[in-house]
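Everything below concerns the one structure shown next.
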């Protein structure tokens, strides 16, 4: 059987994992991408001697951000990472 070399995750699953990792128990949270933009000249096949201007977009970091209301890209921290009640003594 071939070795698995790639795993893909939906945005909500990544958000839920990050909410748990940050120990967040309330609010609506969604994925956040930081973009870095620059430009340059890019050679295009088949005429590799032709260079055209191009926009280059990098993603240096991803994170999560709190939202005031629920939307299709958010998770409810109270559902995906409920607070643990202390045991009664």
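The values are calculated or read from the model by the stated rules, or taken from the named source; none is laboratory data. Keep in mind that what you see is a predicted model, and the values were worked out from it rather than measured. A quick note on method: Cβ atoms are made from the backbone with ideal geometry, for glycine too, and the neighbour counts reach across all protein chains shown.
To keep it simple, each residue is scored yes or no on (1) surrounded by fewer than 10 Cβ atoms within 10 Å (Cβ to Cβ); (2) assigned to a strand (DSSP E or B).
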residue: 5; (1), (2): yes, no
residue: 9; (1), (2): no, no
residue: 13; (1), (2): no, no
residue: 20; (1), (2): no, no
residue: 23; (1), (2): yes, no
residue: 26; (1), (2): no, no
residue: 29; (1), (2): no, yes
residue: 32; (1), (2): no, yes
residue: 35; (1), (2): yes, yes
> Out of curiosity, is residue 60 out of contact with any helix residue (DSSP H, G or I) (no Cβ under 9 Å at 6 or more places or on another chain), loosely packed, with under 10 Cβ neighbours inside 10 Å and at pLDDT 95 or above?
Replying inline: yes
> In region 37-62, which residues are touching a strand residue (DSSP E or B) at 6+ places or on another chain (Cβ under 8 Å) and in a loop (DSSP other than H, G, I, E, B)?
Replying inline: 44, 49, 50
>> Cβ-Cβ distance below 7 Å, separation of 6 or more or different chains: which pairs start in region 11-38 with a residue that is within 14 Å of residue 83 (Cα to Cα) and end on one that is loosely packed, with under 13 Cβ neighbours inside 10 Å and modelled with pLDDT of 95 or more?
In response: 25/82
